[in-house]
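A.B. asks: I am attaching a structure below and will ask some questions about it afterwards.
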Amino acid sequence: MVRKPKHYQPLDAKDRHIVRLVQRDAKLAQSEIAKKVGLSTAAVSERLRKLEASGVIRRFAAIVEPAAVGAGVSAFVEVFFEHPRFEGGFLERIMKLNEVQECHHVTGEFSLLLKVRVRDMESLQELLLEQLAGHEGVRQTRTVMVLSTVKEESYVEPENTGGEE
């Protein structure tokens, strides 16, 4: 449920280059990656397999425009619990909710910060009242509406983690 920090194997320069390329375009052919990185297609295929197996690459996915697929309302929801013992059941519930895109344990006066996307205000109200605030042990939720999004990125720059250059 909670993603535990892992100790990943160090990435060398070729691995970092591959990770940069597939983050920007997961549909890029392995032969194209091979040309850009200076390896054989078989070597790229093996490196991608190892990057996935080790958890460096979690999955390949299409990034869609939310409004184009009917999710035009975005919000951040702060969740406060009466007691920490209620958190586990809540986390199990939200893992099943497609409207909850992100869930973060945070510092401060509340326990969790959720990023949610829904069709409209009625859907947001239903999510907040029935799925989130209505869960046992949730003392309070506080919602911040997104008016517009200037930058939203899934790209993470792969830093040198001690691998060979």
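A.B. asks: At a 10 angstrom cut-off on C-beta neighbours, averaged per residue, how do the peptides 45-57, 139-151 rank from highest to lowest?
C.D. replies: On the way: 45-57: 14.8, 139-151: 10.1.
For the peptides 45-57, 139-151, the packing ranking is 45-57, 139-151.
A.B. asks: Take every Cα-Cα pair in segment 17-165 and report what % of them are more than 19 Å apart.
C.D. replies: 63
A.B. asks: If Lys and Arg each add +1 and Asp and Glu each add -1, what is the summed charge of the other residues whose beta carbon sits under 14 Å from the beta carbon of Arg20?
C.D. replies: Details: positive: Lys14, Arg16, Arg24, Lys36, Arg47; negative: Asp12, Asp15, Asp25, Glu32, Glu153, Glu157, Glu159.
It works out to a net charge of -2.
A.B. asks: Ok, one more. Among the listed pairs Lys50/Lys96; Lys27/Lys151; Lys96/Lys151, which are separated by more than 25 Å between their Cα atoms? Write out the running numbers ahead of the final one.
C.D. replies: Details: Lys50/Lys96 29 Å; Lys27/Lys151 23 Å; Lys96/Lys151 27 Å.
Pairs exceeding 25 Å: Lys50/Lys96; Lys96/Lys151.
A.B. asks: Could you give me the radius of gyration and the Dmax of segment 1-90, taking only the C-alpha atoms into account and expressing both in angstrom?
C.D. replies: Cα only, segment 1-90: 18.7, 56 Å (Rg, Dmax).
A.B. asks: Per the helix-only calculation at 222 nm, which mean residue ellipticity applies to the chain, given -39500 (n - 2.57) for every DSSP H run of n ≥ 4 and division by its residues, nearest 500 deg cm²/dmol? Mind showing how you got there, number by number?
C.D. replies: Values: 5 runs with 47 residues, N = 165.
Rounded to the nearest 500, it is -8000 deg cm²/dmol.
A.B. asks: Next up: May I ask you to derive the FRET efficiency for Ile63 and Glu109 from their Cβ-Cβ distance with R0 = 25 Å, giving the value to the nearest 0.05? Intermediate results must be reported in sequence, preceding the final value.
C.D. replies: Working: r = 32 Å, r/R0 = 1.29.
Efficiency for this residue pair is about 0.20.
A.B. asks: Right, another one. Rg and Dmax of segment 28-76 over Cα atoms: what are they, in angstrom?
C.D. replies: 16.2, 45
A.B. asks: When the Kirkwood radius is taken over all Cα pairs of segment 57-98, what Stokes-Einstein diffusion coefficient follows at 25 °C and 0.890 mPa s, in µm²/s? Show your work: numbers first, answer last.
C.D. replies: On the way: Rh = 13.5 Å.
Answer from the Stokes-Einstein relation: 182 µm²/s.
A.B. asks: Would segment 66-145 count as rounded, prolate or oblate if I go by the C-alpha gyration tensor, calling it rounded below 1.5 in a/c and otherwise prolate when a/b exceeds b/c, oblate otherwise?
C.D. replies: On the way: a/c = 1.91, a/b = 1.76, b/c = 1.09.
Judged from the Cα gyration tensor, segment 66-145 comes out prolate (a/c at least 1.5, a/b above b/c).
A.B. asks: So, counting K/R as plus one and D/E as minus one, what does the shell of residues with Cβ under 12 Å around Val44 add up to?
C.D. replies: On the way: positive: Lys14, Lys35, Lys36, Arg47, Arg49, Lys50; negative: Asp15, Glu32, Glu46.
The answer is +3.
Bear in mind these aren't lab numbers, they're just calculated from the coordinates by the rules spelled out. Keep in mind that what you see is a predicted model, and the values were worked out from it rather than measured. Here Cβ is always computed from backbone atoms with ideal geometry, including for glycine, and neighbour counts include all displayed protein chains.
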